[in-house]
Amino acid sequence: ILDIRMLPYKLNLILYFKKAIDMKFLLSIFFLLTLTINAKASQNCAVILMHGKWGLPYSTYLKILSEKIEKLCLIERPEMPWSRNRNYDQTYESLLNELQKKSENYRKKGIKKIIFAGHSFGANASMAYQAYIGDADALIAIAPGHNPYGMYHIFGLVPGHALKVDNAKKNIDEGKPEILIKFIDLNYGVSIGMKKEFEIRSDIFFSYYNPEGLAHMVRTAKEFKKATPFLYIEGDHDNIKVGSKYSFEKTPFHPMSKYQTVVADHAMAPEVASDLVIEWLKEIVK
């Protein structure tokens, strides 16, 4: 039996659900369009983001920066040989060749811009990559770290270190790269400086601690294979801040290159600089 008194209520209820369904539909369309736009943006660029000494790919120091990059580009965060898990298990040259394969794979997928970025030792690697391989479309170095030149030449910084480097070179020259070298590694990025003991092959040790090798940023800055957009960021409270003249100004000139300081220490520089990085990246990938 139809109750006439209930008709207005039922009609209002029907209209309410219709509006709700229409709104849900519109929101779904908006969401799909947003995904499409973001996907198209991501297809244009890929960022290989490398962590610092004794760190890990999903370091809290890189979390904010990574989340912002993901909205603009594809992002890959490989575990580096200097992580707390790997403890220097391959030479620098071997690592850089692996990174080149990653770059080639992205290009095969149609990615137009490949950016190598890093924090601390990872920043060192971005520069080494462009000197040794040289196919990056842009580079980002945040609070660059690891200084084999200083560890070798500054007496007392790490007692006996220079002799260990010389012994490693001797072992390599004599065809015995597998001989182990026990050494003290130094992490400059913390307030006092942390030390940690390792024992690794002579060839691996020498590849990272040769004072004139691929880890020496003054050398790699001069040896970029081509002029490359290069964003170099340092925290003004960083213990190892060296300024623009040390290596940045030695790279081949590119009008998009930029040196910038942020109000941060070594560890927090990636997070504090994240907006700056994104604004620069937008100009690179557009």
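With respect to residue 198, is the statement that it is outside any helix (DSSP H, G or I), in the same structural domain as residue 91 (by TED's automatic domain parsing) and either modelled with pLDDT of 95 or more or surrounded by fewer than 19 Cβ atoms within 10 Å (Cβ to Cβ) (or both) true?
Considered against the rule, which asks whether it is outside any helix (DSSP H, G or I), in the same structural domain as residue 91 (by TED's automatic domain parsing) and either modelled with pLDDT of 95 or more or surrounded by fewer than 19 Cβ atoms within 10 Å (Cβ to Cβ) (or both), residue 198 comes out as yes.
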Which of the residues spanning region 166-187 are out of contact with any Asp or Glu (no Cβ under 9 Å at 6 or more places or on another chain) and part of a helix (DSSP H, G or I)? 166, 167, 169, 170, 173
Considering region 247-261 alone, what residues qualify as being part of a loop (DSSP other than H, G, I, E, B) and either closer than 16 Å to residue 222 by Cβ or among the aromatic types (Phe, Trp, Tyr) (or both)? 247, 251, 252, 253, 254, 257
Return the residue satisfying two criteria in turn: it lies in region 201-231 and is of a type in the set (Gly, Ala, Ser) and not in a loop (DSSP other than H, G, I, E, B), and of such residues it is surrounded by the most Cβ atoms within 10 Å (Cβ to Cβ). 207
So, residue 261, is that one touching a residue at least 60 places away in the same chain (Cβ under 8 Å) and of a type in the set (Ser, Thr, Tyr) or not? no
Can you tell me which residues in region 67-95 are surrounded by fewer than 19 Cβ atoms within 10 Å (Cβ to Cβ), of a type outside the set (D, E, K, R) and part of a helix (DSSP H, G or I)? 94
Identify, by number, the condition in (1) modelled with pLDDT under 95; (2) crowded, with 24+ Cβ neighbours inside 10 Å that residue 159 doesn't meet. (2)
Of (1) part of a helix (DSSP H, G or I); (2) crowded, with 19+ Cβ neighbours inside 10 Å, residue 234 satisfies all except one. Which? (1)
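The values are calculated or read from the model by the stated rules, or taken from the named source; none is laboratory data. Please read all numbers here as calculations on a predicted model, not as lab measurements. Cβ sites come from the backbone with ideal geometry, for glycine too, and all protein chains shown count toward neighbours.
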